[in-house]
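Data first, discussion second: the structure below is written as structure tokens.
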Amino acid sequence: MSFLNWKIGFEIELMSPRGHSRQDLAELIAQQYDTRVRRVFHPQSELSQVPGTPLFQNLTLGFEVIDEHECLIARCVDDLTLLENLDKTAKPKPRWYRIVSDDTRLLQLVESQADAADSIADVLKPIASLFSTNLEAGPGGMVRVADRTGNPIAIAAPLPGERERPCELITPPIETNHSDHLEMLLSAARSLGFTIPVEGATHLHFDATPLCSARVFANLVNLLWTHGENLKRLVGTNPNCRRLGMWDEELLVLVNQSDFCQLSWSDAKTRLAKLELTKYCDFNIKNLIQTIPSKFTFEARIFPSWIYA
């Protein structure tokens, strides 16, 4: 793979054996690189069973391997789509919890003010202080913070059901020697007995800079619309993968308008931004259009999980 000339970030879904966790993998990778691990929050969403609240927003616990310059080597985080073969009756392990809210803005506030290294009893104290309220203890070890009118802000809850075992292994963007970088990380996973999850996938984040042209983008959409299903058969997309599917046909219509390919990239993005895009599809173009500085990528989500580079 050393011939690859595209900057690519990799997300590889794995499962630790019982008795281990994604933290163990992060710590072994840190040993290999003679670096350190820090505990961090990782935002995720999941479908809700509560009427009127379609999604619950989560901060789950992840572990970053960073070098002496604070540069990322790898990140080991949870993935809530990995559900099979977990003992859902397993008791929470000490110091493992997640933070839940129904508002992403409130979770961004928690993420910026709270310390993931804190215990469940202390992690929401800075948020209670911001709202001039006190923490409320709940059943099963939960801790809740609300505003002064009683409206909920966030809940920290112990993490049952072996949720420490799922691991999405995330790399920073890799420019050269992709296989060598990946093999260092995956060899650590194999040595600990990590396996491929039932629902496992690999996501490739291609640097989006070469795609910033209306004509190139239209070609990409037409190519994948025409050949997407064949491509999935070719690469062996996992049929148990969650959150896949093709784009809405509105995208195809838009990029084939007579004047689209003559637009500047800025004007093309303005038109595309009017569509209701989701990242949960075969090919995620949302990051190209609604630019997030740290994730300016085209994401291909159709690949199965691998444990060898």
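The values are calculated or read from the model by the stated rules, or taken from the named source; none is laboratory data. The structure displayed is predicted, hence computed values, not measured ones. Backbone-built Cβ (ideal geometry, glycine too); neighbour counts: all protein chains shown. Note: accessible area is taken over every heavy atom of the protein model, side chains too, but ligands, DNA and RNA are not part of it. Shrake-Rupley method; radii C 1.70, N 1.55, O 1.52, S 1.80 Å.
Count of segment 164-188 residues, restricted to those that are part of a loop (DSSP other than H, G, I, E, B) and open to solvent by 30 Å² or more (accessible area, probe 1.4 Å), is 5. Looking only at residues in segment 23-43 that are outside any strand (DSSP E or B) and among the charged types (D, E, K, R), the one that is modelled with the lowest pLDDT is ASP34. When THR60 is tested against (1) under 22 Å from ALA146 (Cα atoms); (2) in contact with a Ser or Thr (Cβ under 9 Å, 6 or more places away or on another chain), just one condition goes unmet, and that condition is (2).
Looking only at segment 96-151, residues that are of a type in the set (Lys, Arg) and either exposed (fewer than 15 other Cβ atoms within 10 Å of the Cβ) or touching a residue at least 40 places away in the same chain (Cβ under 8 Å) (or both) come to 3 in all. Candidates are the residues of segment 193-206 that are in contact with an Asp or Glu (Cβ under 6 Å, 6 or more places away or on another chain) and part of a loop (DSSP other than H, G, I, E, B); the one that is most open to solvent (accessible area, probe 1.4 Å) is VAL198. Yes or no: segment 153-173 includes at least one residue that is among the polar types (S, T, N, Q) and in contact (Cβ under 8 Å) with a residue 40 or more places away in the chain. Within segment 153-173, one or more residues are among the polar types (S, T, N, Q) and in contact (Cβ under 8 Å) with a residue 40 or more places away in the chain. Inspection of segment 74-92 identifies no residue that is assigned to a strand (DSSP E or B), touching a strand residue (DSSP E or B) at 6+ places or on another chain (Cβ under 8 Å), among the polar types (S, T, N, Q) and open to solvent by 10 Å² or more (accessible area, probe 1.4 Å).
GLY161 - would you say it is at positive phi and open to solvent by less than 40 Å² (accessible area, probe 1.4 Å)? So GLY161 passes the test.
A count restricted to segment 87-106 and to residues that are within 21 Å of the chain's Cα centre (by Cα) and modelled with pLDDT under 95 stands at 7. Within segment 6-22, one or more residues are under 23 Å from ASP118 (Cβ atoms) and either open to solvent by 10 Å² or more (accessible area, probe 1.4 Å) or at pLDDT 95 or above (or both).
Applying a threshold of 7 Å to beta carbon distances and a minimum spacing of six or more residues, or different chains, the list of pairs starting in segment 209-222 at a residue that is farther than 18 Å from LEU277 by Cα and ending at one that is in a helix (DSSP H, G or I) reads SER213/TRP265; ARG215/CYS261. Remark: pairs (first residue in segment 282-294, more than 18 Å from VAL216 (Cα to Cα); second residue assigned to a helix (DSSP H, G or I) and open to solvent by less than 10 Å² (accessible area, probe 1.4 Å); Cβ separation under 9 Å; 6+ apart in sequence or on different chains) = ASP282/GLY228.
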